[in-house]
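For reference, the structure discussed in these notes is given below.
The values are calculated or read from the model by the stated rules, or taken from the named source; none is laboratory data. This structure is a prediction, so every number in the text was calculated from the model and none was measured. Note that we place each Cβ from the backbone using ideal geometry, even for glycine, and neighbour counts take in every protein chain shown. SASA here: full protein model, heavy atoms, side chains in, ligands and nucleic acids out. Shrake-Rupley method; radii C 1.70, N 1.55, O 1.52, S 1.80 Å.
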Amino acid sequence: MEQTLVLVKPDGVQRGLIGEIIHRLERRGLKLKGLKFMQMTRELAGAHYEAHVGKPFYPGLVDYITSGPVVAMVWEGNSAIQIVRNTMGVTKPVEAAPGTIRGDFAVEIGRNLVHGSDGVESAAREVSLFFAPEELVDWQRDAERWIRE
Ligand code: IDP
Ligand code: MG
């Protein structure tokens with residue numbers, strides 16, 4: 001079973017889209033494992049976005065992700081990483097399909113509302129950056145058999 005890290009970025013929080021974003025992931029059939037409302041430090045931002053160090057947009061990206069509180073979540077499910085990526089839409093909102101979070105609510109790459117891990121390795125790394133193992137909840141979802149066969 002895959003786990004993936006999702007962030008409602010500061011623009012999503014400021015625009016009142018926390019519930020909308022959670023709603024979409026919840027209805028999709030992914031299972032919530034952990035959730036926290038927090039202010040990211042520049043140190044955490046640097047670790048989270050280490051793959052982007054040195055790119056022209058990197059300083060602005062760190063400013064953006066630390067500009068206000070975020071909601072950090074772990075969602076679980078078969079193919080959870082790809083399901084979240086598809087539900088978010090592609091990085092550039094201009095190219096994101098209608099029906100996706102970015103395609104419905106965003107217009108610019110630097111204000112694209114949401115983060116989702118992009119692979120198994122990055123997901124494991126990012127989940128452990130934001131959550132201690134004991135902060136992830138083991139629970140039985142009674143609707144499970146109506147979501148997965
Ligand atoms: P992703 O969030 O869809 O995985 P990445 O390529 O990993 O996209 O980039 C991380 C984040 O950095 C993007 O979501 C976006 O906020 C920001 N970003 C990426 N490319 C640009 C750019 O060219 N200009 C401004 N911000 C960018
Ligand atoms: Mg990425």
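Structural remarks
- Across the protein chains, with a 1.4 Å probe defining accessible surface, the residues F130, F105 rank F105, F130 from largest area downward.
- Considering all different alpha carbon pairs of the chain, the Kirkwood hydrodynamic radius works out to 15.6 Å.
- The label point for R125 and the one for D138, both projected 7 Å from the Cα toward the Cβ, are 2.8 nm apart.
- Paramagnetic reach from I147 (point 7 Å along Cα→Cβ, amide N under 14 Å) across region 7-30: 22-30
- Per residue solvent-accessible surface (Å²) - the chain, probe of 1.4 Å: 55
- Pairs of Cα atoms nearer than 8 Å and 6+ residues apart set the relative contact order; for the chain it is 35 percent.
- Per-residue SASA entry for L136, accessible area with 1.4 Å probe, Å² rounded to 10: 40
- Heavy-atom SASA rank of V6, V120 (probe 1.4 Å, accessible area, largest first): V120, V6
- Evaluated with a Cβ-only charge set (Lys, Arg +1; Asp, Glu -1), the chain carries a dipole of roughly 320 debye about its Cα centre, given to the nearest 20.
- Semi-axes of the equivalent ellipsoid of region 1-88 are 23, 15, 11 Å, computed as sqrt(5λ) over the eigenvalues of the C-alpha gyration tensor in descending order.
- Within the shell of other residues whose beta carbon sits under 13 angstrom from the beta carbon of E26, the net charge comes to +4, with Lys and Arg scored +1 and Asp and Glu -1.
- Ranked from largest to smallest solvent-accessible area, with a 1.4 Å probe on the protein heavy atoms, L129, L35, L25 come out as L35, L129, L25.
- Rh by Kirkwood over Cα pairs, then Stokes-Einstein D for region 74-149 at 1.567 mPa s and 4 °C, µm²/s: 92
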